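The values are calculated or read from the model by the stated rules, or taken from the named source; none is laboratory data. Predicted model, so just to flag it, every value in this text is computed and none were measured. So basically every Cβ, Gly included, is an ideal-geometry build from the backbone, and we count neighbours across all protein chains shown. We work out accessible area using only protein heavy atoms, side chains counted, and drop any ligands, DNA or RNA first. Shrake-Rupley method; radii C 1.70, N 1.55, O 1.52, S 1.80 Å.
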Amino acid sequence: MNSIVRAQKSGLAHDAWEKIQSKYDVGQAHEALEWISEMIGEQFDTNGDADNVHEQLKDGRKLCQLINVISPNAVTKINEGVNSFKLMENISRFAQAAKAYGLSDAEIFQTVDLYEKMNLHQVVLCLFALGRKAQKQGLRGLGPKESDRNERTFSTETINQGNTIISTQYGYNKGATQSGIIFGNTRHM
């Protein structure tokens with residue numbers, strides 16, 4: 001069954017499904033697959049084509065191996081075989097382990113996004129988010145480095161000094177006004 005038919009059966013409108021698929025980036029997917037291949041030490045086809053990404057990751061095994069490299073024993077049991085429910089359980093376990101590792105709900109994908117090829121863009125985004133977190137832990141990462149928190153504390157004296165300054169955001173601009181400025185022709189009634 002192709003992805004469009006599955007999307008329609010799941011209640012997702014064709015236009016919405018196409019919008020989701022248009023966000024998919026073959027280059028990012030290729031980079032993510034290469035990162036997985038390097039991290040788990042297994043050679044496989046790293047072509048970023050959506051069909052290949054789906055084929056390589058749909059059983060969840062490589063994802064579970066990846067999270068176990070990043071966070072040892074995060075997934076204690078990786079299911080083998082061809083049973084759909086067992087393979088979807090692998091994907092679900094990966095998602096749970098990724099959340100425990102520090103990814104937010106917005107960064108994690110749903111099991112059907114990968115298993116039924118509904119939103120591979122979200123799968124790639126999740127892998128990039130995981131790569132940023134891994135990079136912060138000193139492992140080889142994926143994508144740009146995650147920024148660090150930059151909190152600042154000011155003394156009461158400094159805060160009070162700041163309160164005495166009138167900024168232009170409050171409307172003071174040294175007496176300049178817009179009076180006399182006319183844009184275009186006047187309205188004739």
Working only within the range 69-89, note down all residues that are among the hydrophobic types (A, V, I, L, M, F, W, C), more than 18 Å from Tyr101 (Cβ to Cβ) and either assigned to a loop (DSSP other than H, G, I, E, B) or open to solvent by less than 70 Å² (accessible area, probe 1.4 Å) (or both).
-> Val82, Leu87, Met88
Somewhere in the range 175-184, is a residue of a type in the set (Val, Ile, Thr) and modelled with pLDDT of 80 or more?
-> no
Of all the helices (runs of 4 or more DSSP H) wholly in the range 12-68, which have at least 3 residues that are of a type in the set (D, E, K, R) and modelled with pLDDT of 90 or more?
-> 26-40
Kindly establish whether Asp113 is free of Cβ contacts under 8 Å to residues at least 40 places away in the same chain and within 22 Å of Gln56 (Cβ to Cβ).
-> yes
Any hit, the range 138-146, residues being at pLDDT below 65 and among the charged types (D, E, K, R) | no
Criterion violated by Ser104 - all others in (1) more than 23 Å from Ser147 (Cα to Cα); (2) surrounded by fewer than 19 Cβ atoms within 10 Å (Cβ to Cβ) satisfied = (1)
Residue hits (the range 132-166; surrounded by fewer than 10 Cβ atoms within 10 Å (Cβ to Cβ), part of a loop (DSSP other than H, G, I, E, B) and not basic (Lys, Arg)) are Gly138, Ser147, Asp148, Asn150, Glu151, Thr153, Ser155, Thr164, Ile165, Ile166
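Each row is one residue, and each column tells you yes or no for (1) open to solvent by 50 Å² or more (accessible area, probe 1.4 Å); (2) within 16 Å of Gly141 (Cα to Cα).
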position: Glu18; (1), (2): yes, no
position: Lys23; (1), (2): yes, no
position: Gln43; (1), (2): yes, no
position: Thr46; (1), (2): no, no
position: His54; (1), (2): no, no
position: Ile67; (1), (2): no, yes
Which pairs do you get when a residue that is farther than 19 Å from Lys133 by Cα, found in the range 17-38, comes within reach of a residue that is surrounded by 17 or more Cβ atoms within 10 Å (Cβ to Cβ) and at pLDDT below 80, reach meaning Cβ atoms under 7 angstrom, with the pair 6+ apart or on two chains?
-> Trp17/Ala7
